[in-house]
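Please read the structure below before turning to the comments.
The values are calculated or read from the model by the stated rules, or taken from the named source; none is laboratory data. If you're wondering where the values come from, they're calculated on a predicted model, not measured in any experiment. Reconstructed Cβ throughout: ideal geometry from the backbone, glycine too, with neighbour counts over all protein chains shown.
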Amino acid sequence: MKILVFENEIPKVKDAFNDVNELDFNKSLKIEYVDKSQNFGDYKMTSQYDVIFVDIDLSPTSFKDGYGVIEDILKFGNKNIVVLTGNMVEDELKKRGLSDLKILSKPIFLDELKEVIEDFE
Amino acid sequence: MSVKNLEYDIKRFNSLVLRIILVFVLNAIFFINENIFPKWVYFSSISLYVLLLFLNYLTTKNLSKGVLRLFLDCFIICVFLYKKDLDYVFNYFPFLLLLFNTQNHSSKNGKFWLFILLIHLSIFTLDNFSFKLTHHIIPGLLYIFIFILYIRNFISLFKEDMLYLVGNLFIENVNENNSHRILKNIIQQINSSKIGMFNKISEIFLFINNNEKFVLIKGSKFVTNNDLKSSINIESIIKNNDEKNIFFKDSVEIDGINYKISYWLQHKILEKDYYFLIALKKDSIFNEFLITSFRPIFEYIGRIYYMSNSLMTISNENQKIIKQKIAYVFDAQNALHYVKNKLTPITSTINLIDRYFKQKDLSAENKIYIENRLLSNNNNYEIKQIIKKAEILIKGVDNILEEKDKCISLKALIDDIRKNWLFHFNNIDDVIITVQNLKNIKIEINQMMFDFVFTDIIENINKYGKEGGKRVEISHENDIITILFSNKISDYDRDKRELDEIVNLYNLTNNDEIYNRKTHGLSFIRRLLRRKNIENKIFINKEEKTFNNEIKLKRYRDENISI
């Protein structure tokens with residue numbers, strides 16, 4: 001299973017993803033991390049991932065914030081997106097017509113992360 | 001204004017009371033004087049006069065009623081006064097009645113010329129068609145009497161209008177900071193009114209007494225230099241004068257302009273003294289009369305300013321409370337966001353412990369994995385840091401700044417850097433110190449604030465820095481300690497445009513833009529250091545491709561200096 005994570009503070013979430021991969025998915029997850037929108041490259045490639053986690057607050061040097069990244073991913077048809085956030089983003093997602101997306105609140109709990117990934121298996 | 005222009009309401013001229021009095025006066029004249037005509041002529045004339053008046057009330061159209069009544073009045077007066085001695089003052093009484101009524105009821109139609117014409121024609125007839133100047137002078141004096149009454153009446157009405165106008169201006173502008181418009185409008189109204197023929201107001205200024213010095217708070221004119229030069233030294237007069245509601249003539253200079261004919265009007269509104277300076281355009285015998293007549297208007301304006309000021313004080317206090325609450329919510333949101341982000345590694349650790357002890361089917365391989373993970377973690381220190389930082393964030397930056405600078409050794413400060421560095425990078429070799437005798441060098445510093453500054457800078461280096469390219473350099477020269485944090489930029493060529501932009505924003509005087517871009521760490525550091533007036537900048541070393549944050553600290557700082 002291929003997972004892509006757009007996250008500003010990769011070291012803070014990396015352990016959680018590694019733990020879930022190790023303990024619940026028997027190392028079957030292939031996880032890639034990206035800290036800025038421009039570091040991903042061709043967004044056509046996003047369609048190859050089974051699930052994409054997007055942190056809303058990306059680095060200030062990121063060309064786009066999380067919402068911009070989500071819009072780019074959706075253009076290429078992948079709807080398996082999970083919003084990662086430490087803030088209340090429900091209203092903003094609703095305004096942008098993205099209320100169908102799953103939200104994983106920070107701090108990340110291993111069981112919640114596991115369940116979210118299992119939903120896309 | 002002239003007598004001709006007096007508004008004369010002919011319709012209201014013939015009041016019932018006047019007629020009754022006139023009939024009594026004419027009868028008195030009949031009995032006091034010798035009469036030319038037989039008795040029946042006078043009685044039939046007065047009966048006919050009363051009858052025609054009655055018919056006039058009932059039949060004649062409104063527009064011509066007054067004119068006809070005036071003719072009737074003049075006719076009956078002529079009959080009764082014919083060939084009587086007009087040197088006898090009582091015989092002018094019927095004319096006085098006509099004038100009195102004119103003054104009381106004149107307002108609309110300017111037919112006063114007709115009234116004068118008829119009166120003087122009547123006198124001419126009574127004088128047997130000969131012109132006797134003295135007989136015509138007496139009504140002339142009565143006209144002056146009417147004129148004074150008219151002016152008094154007019155000012156009274158004008159005052160009412162002005163109070164209404166001032167009230168409306170206040171209501172219209174209550175939420176605007178343009179209450180000076182009230183003074184401008186007052187000048188405009190007074191100058192364009194009939195009062196303007198006596199004199200015109202050039203400017204109005206409003207002062208308050210602040211520690212025995214006059215302070216200009218409002219003016220009909222914008223003033224850049226509000227120093228007041230008074231010819232009578234008004235400040236000392238008021239200081240030594242316990243009387244309230246004083247009134248002085250003065251010649252003043254405000255903002256380089258001389259107002260030679262000016263009047264001071266004082267109004268005490270509750271505990272506050274307001275001093276109006278009314279500058280007039282020319283000297284006139286009516287000046288004092290006009291200024292004192294307008295006293296109620298200025299008292300009303302004073303009350304309005306007092307009320308407006310009270311409202312503004314309440315509004316400012318409310319705004320301050322609202323701002324504090326918004327700041328609190330903002331800080332709380334920041335703190336929550338910060339905590340949630342930072343807690344993920346800790347929740348992972350707790351989840352691992354849970355699984356280790358509670359999950360019965362945990363494989364041996366997974367147990368080893370969890371044990372290794374737990375051994376490599378140092379969450380205790382991190383939890384402490386997170387809670388401490390969140391507490392500070394929730395209380396706001398001011399809370400950190402309230403802590404006074406203390407004299408500590410430079411070693412204690414560097415230890416804080418080492419501690420943070422060690423936590424993030426597991427080494428202290430990159431903390432390069434080129435200062436001897438650290439313990440002996442004392443520095444005045446807010447240690448708590450710097451703990452946050454160092455934590456944030458080092459966290460940023462951890463997040464964005466390239467492996468192997470991180471260092472801190474601490475040097476000391478001429479009582480200035482320089483701390484330079486430096487890290488290699490992961491992909492300089494790709495990010496240089498954005499990094500340049502951040503550097504420019506950071507080094508700007510105004511912090512708002514960078515704050516809006518959610519660079520919380522950077523803007524937090526910058527806000528703290530700027531508030532303490534500590535020299536700080538970030539710069540890119542293009543050759544070494546490093547991102548640098550430089551702090552220059554004076555060993556001995558003046559606590560009072562702050563931006």
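For the reader, a short list of remarks on this structure follows.
- Against the numbered list (1) of a type in the set (A, V, I, L, M); (2) part of a loop (DSSP other than H, G, I, E, B); (3) more than 14 Å from chain B (Cβ to nearest Cβ), A:VAL69 comes up short only at (2).
- Output for the range B:184-237, where each listed residue is among the charged types (D, E, K, R) and at pLDDT 80 or above: B:LYS184, B:LYS200, B:GLU203, B:LYS218, B:LYS221, B:LYS229
- For the range B:270-292, residues that are under 30 Å from the mean Cα position of the chain (by Cα), of a type outside the set (D, E, K, R) and part of a loop (DSSP other than H, G, I, E, B) total 1.
- Given (1) modelled with pLDDT of 85 or more; (2) within 14 Å of another protein chain (Cβ to nearest Cβ), number of the condition B:PHE423 does not satisfy: (1)
- Among residues of the range A:1-34 being within 8 Å of chain B (Cβ to nearest Cβ) and charged (D, E, K, R), the one that is surrounded by the fewest Cβ atoms within 10 Å (Cβ to Cβ) is A:GLU22.
- Selection within the range B:350-375: residues that are more than 8 Å from chain A (Cβ to nearest Cβ) and hydroxyl-bearing (Ser, Thr, Tyr). The member of this set that is surrounded by the most Cβ atoms within 10 Å (Cβ to Cβ) is B:TYR356.
- Number of positions in the range A:72-84 that are assigned to a helix (DSSP H, G or I), farther than 20 Å from A:ASN8 by Cβ and either under 14 Å from the mean Cα position of the chain (by Cα) or within 14 Å of chain B (Cβ to nearest Cβ) (or both): 1
- Candidates are the residues of the range A:85-115 that are part of a helix (DSSP H, G or I), aliphatic (A, V, I, L, M) and within 14 Å of another protein chain (Cβ to nearest Cβ); the one that is surrounded by the fewest Cβ atoms within 10 Å (Cβ to Cβ) is A:LEU110.
- Checked across the range B:427-441, the condition of being farther than 19 Å from B:LYS537 by Cβ, touching a residue at least 60 places away in the same chain (Cβ under 8 Å) and in contact with a helix residue (DSSP H, G or I) (Cβ under 8 Å, 6 or more places away or on another chain) holds for at least one residue.
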